[in-house]
1. Between Thr624 and Ala383, take the C-beta separation as r, use R0 = 30 Å, and let me know the FRET efficiency to the nearest 0.05.
2. Considering amide H positions built from the backbone, and no H for Pro or chain starts, which residues 5 or more places from Gln491, or on another chain, come under 5 Å of its amide H?
3. Please report Rg over Rh for region 310-453, where both radii come from the alpha carbon positions and Rh follows the Kirkwood definition.
4. List the residues whose amide H sits under 5 Å from the amide H of Ser259, counting only those 5 or more places along or on another chain, with H placed 1.01 Å from N in the peptide plane.
5. Taking the full set of protein chains and a 1.4 angstrom probe, give the accessible area of Cys381 in square angstrom, rounded to the nearest 10.
6. Within the set Lys450/Lys535; Lys203/Lys240; Lys228/Lys283; Lys389/Lys475; Lys203/Lys284; Lys221/Lys245, which residue pairs have Cα atoms separated by over 21 Å?
7. Give, in nm to one decimal, the length gained when the segment between Lys535 and Val40 is fully stretched (0.36 nm per residue of separation minus the Cα-Cα distance).
8. Whose amide H sits under 5 Å from the amide H of Val422, counting only residues 5 or more places off or on another chain, with H placed in the peptide plane?
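The values are calculated or read from the model by the stated rules, or taken from the named source; none is laboratory data. For clarity, every value in this text was computed on a predicted model and none was experimentally measured. Methodologically, a virtual Cβ is constructed for each residue, glycine included, from the backbone with ideal geometry; neighbour enumeration extends over all protein chains shown. Side chains are part of the model used for accessible areas, which takes the heavy atoms of the whole protein and leaves out ligands, DNA and RNA. Shrake-Rupley method; radii C 1.70, N 1.55, O 1.52, S 1.80 Å.
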Amino acid sequence: MSDSNGPLNLGKPDQRARKQPVVAGPGRSLLPWFLIVAMVFMMVHMIWSRRETYEEIPYFNNTADVDFVEMVEAGRIRKVEIIKEVSGIQYIRGEILPVESDPVSRAVKFKTYVSEADSALQRFLIEQGVEFMVPPQNPYVWSLLMQVLPVVLIFAFLYFLFMRQVRAAGSGAMSFGKSRARLLNREENRVTFANVAGIDEAKDEVQEIIEFLKDPKRFQKLGGRIPKGVLLMGPPGTGKTLLAKAIAGEAEVPFFSISGSDFVEMFVGVGASRVRDMFEQGKKSAPCLIFIDEIDAVGRSRFTGIGGGHDEREQTLNALLVEMDGFETQEGVIIIAATNRPDVLDQALLRPGRFDRQIMIDLPTIDGREAILKMHARAICLAPDADLKRLARGTPGFSGADLENLLNEAALLSARHNKEAVDMMELEEARDKVRWGRERRSRVLDEREKRVTAYHETGHAIVMCTVVESEPLHKITIIPRGVAYLGATMQLPTKDRHIEGRQKLLGILAGLMGGRVSEELVLGEITTGAASDLKEATRLARMMVCNWGMSETMGPQTFGENQELMFLGREVSRAQDFSEETARKIDAEVSRLLREAYDYARNILIEKRDKLETITSLLLEKETLDGRDVEDLLREGRVLTPEERLAREPAVPPPVVPPALDPVPEPA
């Protein structure tokens, strides 16, 4: 690592930054407890082993039944010990033997105190034939040990108990300003670019940063500099954090990871201190990568005059802005951040010099969904009929996380059915479960409700198959799912569409009206089952008029401001950019589009009334119909066999090769 004035060595990372801190294991934290318990046990054992019960008797007393002199003279004492304590007090201890003629008599350990163990006492014991010994004593050491050791043990226990808590509190309360960024270990991080699919453009852009870190001279020779920050944006579940993990697995430089919420605490100034400490760690390990997940927790737009300020978040954001591009900024610390709310980030954070590169990770396309399914299907045993391409067509709007969940649900369903492999039936059932919810067969519909639902879904299906530029029908069902769905009509788009024409949108409006029209046409009344259809149709018609300029009456013009982000605190009220008369015209035009779509669907169902009855009867019988069966009933009046369908499909014509153009003669 070079200093701030010298050239930055980006080719060889600091090896010291790769060393992982040694983390104390659980055994090490329990070791003091084991030592204390062992010492206490040994002390108690020592005390109890030395503690014996002695009956105190007088040395000499004429009135007493038992005294020391009498027992010695009676020959009932054969051996004694003369003990001298620290305080100068002396005592004799030994054992009084039982009386031989008395079977009830027993031996008794005694102790008697004497003022001084002089030579007269010893002569008396010798004359009586009593063995005596004066054991060598170290009373000072023993007394000190007996008096001090319990106190030391108690204080050691209290020190370990309370000081441990103090240190633990110090690591939190006394070190609030320390960064919580964690250095990732490449040996533990097994995620690489091979585990990322469906976001090839984003992989290429971050791959360029990794190649810059590996070989900076290749880019610097043309005057280029490494980006200081990369912002990964996209809806939830599209793989932003997964891509960051892959970067950590591919990069040959230290990689720190932290969450945006780790900066904000209850104390003001802690977040800013953590930001500075995080960059200090990064500078010591430069060149390095720092990943901030969910940066919108700390990078939201600063106070704009609504809802009160948040000094802690603003100070943290200001510290982050200064560290990324300020007076003392050093090269080599690259910030990678992820968020699914880029609209709430402060504009100063998004400018070049801070987040130079903003990578949009959108929902995967049909090819991307197929690649994601294939990648996650490596760990799943698939049956030969499992068509992942067809499954990718039927999952528009699914994120990578949704697709992974879909395959997991399919595997669980297959295991529940005791199958050895996951077939297409479980895959489609899992897809419907993820999108609309689980089948609720416990929700029992009476015959009338089931009949109304069947006519409703059949009306959708017939209109969708008849309108211009319609997507292929996948299936219709009257099995309740989730909370709000009593039935469903599903289509499979042949490809991802990014723009839609007016004719296609009018057909979608008519398809949404098909259910309500079928109810009114057959049953003579309308129900609440079309609530979600009417809501979606109204939204689509208003966008056609106000956003896309698809109204002949209103012309190619947009109306109104987008108010979806009003809760962010930027502006609450905006001036209406059109008059009340224009608002009435917009409402009238939206109503006209909806009524025309309703009439269009009505004309289709009146013309195909017999097909409506036939398909509805079959749907009531089977509860679920394949889209190809519905198309066969509409075209042929019956369900074709697979061989008939194959024969009916037109042969694919060979590609037309344009004739070669004659070369343009050069001017003379």
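1. The formula returns an efficiency of 0.90 here.
2. His474
3. Reported Rg/Rh, Kirkwood definition of Rh: 1.21.
4. Under 5 Å from the amide H of Ser259 lie the amide H atoms of Asp293, each far enough along the sequence or on another chain.
5. Per-residue accessible area (Cys381): approximately 80 Å².
6. Long pairs (Cα-Cα over 21 Å): Lys450/Lys535; Lys203/Lys284; Lys221/Lys245.
7. Difference between extended and current length: 170.6 nm.
8. Placed amide hydrogens put Cys381, Leu382, Ala383 under 5 Å from Val422.
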